[in-house]
Amino acid sequence: MPRVTITVPDRTPQPYKFQLDRQLVSIGRGSVNDIAIDCGSVSVKHAEMARVEGGYELRDLASTNGTKLDGERREVIQLRNGLSVKLGDVSFDFQLSEEEREALSREKPFEESPIVREEEKEGEAEEKPKQVRRAAPRKPVVVDTSEGGGGFLMFLLFLLFAGIAFFAGLSIRYYKDTGGSLFEAIQTRSKTLKSNQDAAKSVPTPADPAAAPVPAPVPTPTPVPTPAPAPVPVPAPEPVPAPAPAPVPAPAPEPAPVPAPAPAPVPTPEPAPAPAPAPAPVPGQ
C-alpha cells in the first residue's frame, strides 16, 4: 500500500496507508478530508492526490500557502518514491514499496498530450466520441498507528480511564460521608438550578425601562452637632506621710560568770601495820 507521512512542525509524524487502486485522496485542514491536517498554514481544502496511469500526482486546489516542491510553488506535482513536498509549513512524504513500484512501472506512464492543430482537433472531435472516465468508488484511508499514532491513542485512553477512576473515587467518598449517590446529587442539583433559571425567566420585566417610575429621592437628615463634654477637674493627690521607723531594742546584758566549785580533798588511806615475825622455837637441851 502506498504510504504518505504528514509531519506538522513540533509534532510527531503521522503515517497514512491506502490501497493502490484508490483513485482520489483529499487533503486539507477540514475534517471532511480523507487526510485532515491540524495546522493553520494548511487550507481547508488544500490539495488532492489523484491516481493516474503509472503512478500518482498531487494537485493543488488554489490553496492560500500553496504546494511547493524544492521551494517552488506548483499546481501539479508528479509523485515518485521518496519525494518530499511542502503543504504550507507541513511536510508531505510519499513512499512506495518495491512491489508497488514494479506494478506501477508495468502501467502506461504519464505522458503529456501532444499539441494538435485546430483543424485536426476539430476533425477528430467529430469522428471519435468522447471517452468518459468513470471514477472508481472511494475506499477508506487506513491510518497506520504503528509509528507515532499509537502514542496519542494510548494517551487518550489513559485520560479516559483516569477520569472514570477519579469519578468513582468521588462517588465512594460521597457515599461514605452522606450515604447517598453522587450521581443522584448532581442530577438533583442540576434540576434545582434549572428550576431557578426558569423562575427567574418567568418574572415579568418592564418593556420600556425608561417608562418605569423612578422612586423619589429620600432627603438625607442634617447631622446634629454633638456638644463636647465639659472637662472634669482632677483633684491633686494628697501627700502620704512617711511611716515612723520602728524602735530598735537595746541589747540584753551579758550574764555574770559563775565561779567553778573547788574540788573536794580526797582522803589518803593509811597503810596497815605489818605483823611481827613469830619467834623461832628454841631447841631443847
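The values are calculated or read from the model by the stated rules, or taken from the named source; none is laboratory data. Since this is a predicted model, take the numbers as computed values, not measurements. Here Cβ is always computed from backbone atoms with ideal geometry, including for glycine, and neighbour counts include all displayed protein chains.
Being free of Cβ contacts under 8 Å to residues at least 24 places away in the same chain and part of a loop (DSSP other than H, G, I, E, B) is the filter; apply it to region 1-28 and report the residue that is surrounded by the fewest Cβ atoms within 10 Å (Cβ to Cβ).
Pass one, region 1-28, residues free of Cβ contacts under 8 Å to residues at least 24 places away in the same chain: 10-11, 26.
Add one more test, that the residue is part of a loop (DSSP other than H, G, I, E, B), and what stays is 10-11.
Numbers: D10: 5, R11: 13.
Once the filter is applied, the top-ranked residue is D10.
So, in region 46-68, how many residues would count as being within 41 Å of the chain's Cα centre (by Cα) and surrounded by 15 or more Cβ atoms within 10 Å (Cβ to Cβ)?
Result for region 46-68: 11.
Kindly evaluate R173 against the criterion of being at pLDDT 55 or above and in a loop (DSSP other than H, G, I, E, B). First the steps, then the outcome.
Details: at pLDDT 55 or above: yes; in a loop (DSSP other than H, G, I, E, B): no.
In short, no.
Tell me the residue from E72, E98 that is more than 42 Å from the chain's Cα centre (by Cα) and under 30 Å from G151 (Cβ atoms), please. Before the answer, list the steps.
On the way: E72 fails: under 30 Å from G151 (Cβ atoms).
Among E72, E98, only E98 is more than 42 Å from the chain's Cα centre (by Cα) and under 30 Å from G151 (Cβ atoms).
Mind checking which residues of region 29-45 are crowded, with 20+ Cβ neighbours inside 10 Å and farther than 18 Å from P13 by Cβ? Steps first, answer last, please.
To start, the set of residues in region 29-45 that are crowded, with 20+ Cβ neighbours inside 10 Å comprises 29, 35, 37, 42-43.
S43 - this is the single residue of region 29-45 that is crowded, with 20+ Cβ neighbours inside 10 Å and farther than 18 Å from P13 by Cβ.
Which of the following residues is touching a strand residue (DSSP E or B) at 6+ places or on another chain (Cβ under 6 Å) and loosely packed, with under 13 Cβ neighbours inside 10 Å: E99, E75?
Values: E99 fails: touching a strand residue (DSSP E or B) at 6+ places or on another chain (Cβ under 6 Å).
It is E75.
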